[in-house]
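Inspection log for the structure reproduced underneath, given as structure tokens.
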Amino acid sequence: MKSGTTLYKNHVLMLSQSFFIKDNQAELQLHAHKYDFDIRFFHEARAFVAAVAAEEGNALFVIDLDAIHNMQTDQGDGRRTLMLGELLQSLPADHDYIYLQSARQGGRFLLQQRLVDTHCLAYAEKPIANDVLVDKLFNLFVQKKRGEIVEAILLGAVPGWDEELLREGRVQVAHHADPLTLHLQVKERQPSIVLITDAEYARTEALVRVLKKNMEADPIREIVLLQGRDDPALARRALDSGFDAILAGGDPALLAGQLVRRADKIRINRDLISKDRATGLLNKVGLQRKTQALVAQAARQGRPFAYGVIDIDKFKTINDTWGHSFGDIVIKRLSLVLQAQQGEGDLLSRFGGEEFVVVFDGCGLDEGARRLDALRQAFGAIPFEVAPGDVRHFSFSAGVAAFPEQKSDNELFLRADAMLYKAKLDGRNRVCGGAPAARGPAA
């Protein structure tokens, strides 16, 4: 199976100079594929504008302003150089654009103002290294995502805020009444934001210190003081004790809007820290956080879940025989197979290298083994064309464990990993841990 846009869920449309494309296309594409997106290159404005207008997927649109000087437009009296204003006016207004500009252009404030006022998502100054540009584009993909719900815990009386705005911003607030058990509630629910009213803080000023000094505290979590009355001395003490921000109450829409903005930043930072950039799946850090939260939730609700560890068979041989770029395609294709069967409450992680972890919410050990085996068969059925006319099939081995038989995320991983090792010893291309063990022919 060859590399192509079907492997990548995101893509970039880039309008640039033809010589820039020729010199940089291969390297830009290589970096982009490692960040789970593809790039389509254009050196004619008309074709670029048409492609943007037809775009319905998750895309970014990049315009190299230097390219405009080398482009022409058809007029009644012949062809002439395309002007910036003409290009900006021709761009579909329902999209935002990323502009690349020279240092000379970057020094002109009026040009920056014009770009920012013309559907500008971002601008950057050249020269910019290919890997840096791709990294910045990846960050913009993350920022554009709607993202998961951000959970908050509120200690104290409910302030006046716009509930509809919070819902639209995907912020969910749970209320907690007892300051002496707030740290236990935070430990159990793992919220992204802790909101404390000034009245509750005035009564128990040790609240934030207790939350902040916990070695296992989430470094991305924000602790916010909701200030209902003007008290500069209290606000200073709050910041000194560890609050990350102070928000003034009084205007329901303003307060809700500020919370949504903070939630957006937390969501972006969490995505950047907890996602594998090559596949878009959870990385080891993200998996640990999510699994710990799932353990706590499953324990409260008395619900089981299965935990599987997957490893592509003979992956070193794949890399050594057909190259690391082909190995990256195999990893990407497996991630797509796993994602296609991912349920709403399931977790999916690229744990490292060719190793993946799947968590099936609400099912026990045997059902988890059956679901893993179905994934094994789906991956094994994929044809990979390693050379013209030479088609190969690859396999993975897997081990499975289950909660509540194993009580923590660490116990689950160790048990599933031990079962994976057994699957490898038993001949590969099989799932061990359920009853009976599912197996395929050795690969």
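Rule-based calculations on the coordinates, nothing more; no lab input. Note that the coordinates shown come from a computational prediction; the quantities given were computed from them, not determined experimentally. Here the Cβ positions follow ideal geometry from the backbone for every residue, glycine too, while neighbour counts run over all protein chains shown.
Things to note:
- Distance histogram in 5 Å bins (all Cα pairs of the range 240-301, percent per bin): 4, 14, 14, 15, 16, 17, 14, 6, 1
- Whole-Hz ³J(HN,Hα) from phi, Karplus 6.51 cos²θ - 1.76 cosθ + 1.60, for the range 356-371, glycine and proline x: 10, 10, 10, 10, 9, 6, x, 10, x, 4, 5, 5, x, 5, 5, 5
- Gain upon complete extension [Asp426, Gln342; 0.36 nm per residue less C-alpha separation]: 27.5 nm
- Using just its DSSP H runs of length 4 or more, each adding -39500 (n - 2.57), the chain gives a mean residue ellipticity at 222 nm of -13500 deg cm²/dmol after division by all residues.
- Applying both filters, DSSP loop and at most 11 other Cβ atoms within 10 Å, to the chymotrypsin sites (Phe, Trp or Tyr not before Pro) of the range 287-325 eliminates every site.
- Pairs beyond 28 Å (Cα-Cα), from Lys316/Lys407; Lys126/Lys332; Lys284/Lys407: Lys316/Lys407; Lys126/Lys332
- Annotation: amide H-H contacts under 5 Å for Tyr97 (H modelled 1.01 Å from N, sequence separation of 5 or more, or interchain): Cys120, Leu121, Ala122.
- Centre-to-centre separation between the Cα atoms of the range 270-322 and those of the range 84-112: 41 Å.
- Set of aspartates and glutamates with alpha-carbon distance to Lys424 below 17 Å, sequence-local pairs under 8 removed: Asp311, Asp313, Glu354, Glu355, Asp373
- Beta bridges from DSSP with both residues in the chain: antiparallel share about 40 percent, rounded to the nearest 5.
- Inter-part distance where the range 51-66 and the range 142-173 are each reduced to a Cα centre, Å: 31 Å
- Given [x] -0.36, -0.48, -1.19; [y] -0.45, -0.56, -1.09; [z] -0.48, -0.62, -1.19, the label whose value is log10 I(q)/I(0) by the Debye sum over Cα atoms at q = 0.07, 0.08, 0.13 Å⁻¹ derived from this model: [z]
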